[in-house]
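Written out below as structure tokens is the structure these notes cover.
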Ligand SMILES: [Zn+2]
């Protein structure tokens, strides 16, 4: 689902944004929250599609049992077949689950969903599910209590023709025996905009939902910064995926850097850069863990933990060991494509930071700015020079690398 966030600086700007979007988005469905307002696209754009006749139909109940296409009359969705076993509770009048009695029935024929009623033409009560005849009697009584029509044959264990009100049933499980057919779906959901049809997974041209934030009321902590950069704020979300450009790339890093610079000021941004120098495997999980640790240490890097045990660190910022290239070379020989990709992502980021600093800080200020002198020197030394050398190296060893990446 395509969605976007908008941030307003003050109440006037917030009201202006609401006004700007209120002809296209419905805000009334969702209550105004403390610091944001959620809205959904007003125009009807989601439809059902029959896969038998390809016609666009009403989306209502598009994947409910027994749905019939209004154009060709085919049943386009079935949850139950002959032999399906359904497990349910009966609801009482207050919409609560009625006691603890769980009823399990096996269908002899699939029920037809008609005006909210389930008609079971023939039902048997599977012997396995109930211990004795007495238990079965309780089930029959329970069904009788809720329904007018039940004909039960005690000798054959078969109830013939039962009508259950669907609203009274709280279905918790449907099992279909393998020897019978599995649920079938001949329908899909499509989105239509300006006469063009999109599938559920296509890139839709407009936002289906929007959120307008009262930015001045939002705490700009690390998790919020991660969310605004387009990442998840939970490290476990990306766990085990390694270094992937779709999870974390230089665009994310640049957005995060900009947000830190605007919201938390120069010193925190400086420490963020130091942190990136230190992490050599830029998997999203490792990055988020380190980023949250940076916040916990009051935006000072290295954190206490890192100082004691230098994990993830191949590059020394403060000394003479500007050895990124050596590291890269050894990693390449060792087949370390994760490190190489991380290096490229970081390089793109540091090229941006370098330009940013040159633009932001004028020549006379540069000498006075520890942020500028330290970071730009390190970037030039480690990332720009070494990257050029690395490219050179790659050019020379192209065939070897191509075989190993
Ligand atoms: Zn049809």
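We did not get these values from a lab; they are worked out from the coordinates using the rules stated. Fair warning: this is a prediction, and the values are worked out from it, not measured in the lab. Backbone-built Cβ (ideal geometry, glycine too); neighbour counts: all protein chains shown.
Observations on the model:
- Inter-label distance, nm, simple model (7 Å from Cα along the C-beta direction), residue 211/residue 239: 2.3 nm
- Here the extension length gained between residue 266 and residue 68 equals 65.0 nm, from 0.36 nm per residue of separation less the Cα-Cα distance.
- Per-pair calculated FRET efficiency, R0 = 51 Å: residue 364 and residue 32 via Cβ, rounded to 0.05: 0.60
- Order by protection proxy (mean Cβ within 10 Å, highest first), peptides 253-264, 277-288, 186-197: 277-288, 253-264, 186-197
- Gap separating the Cα centres of region 198-252 and region 2-30, nearest whole Å: 19 Å
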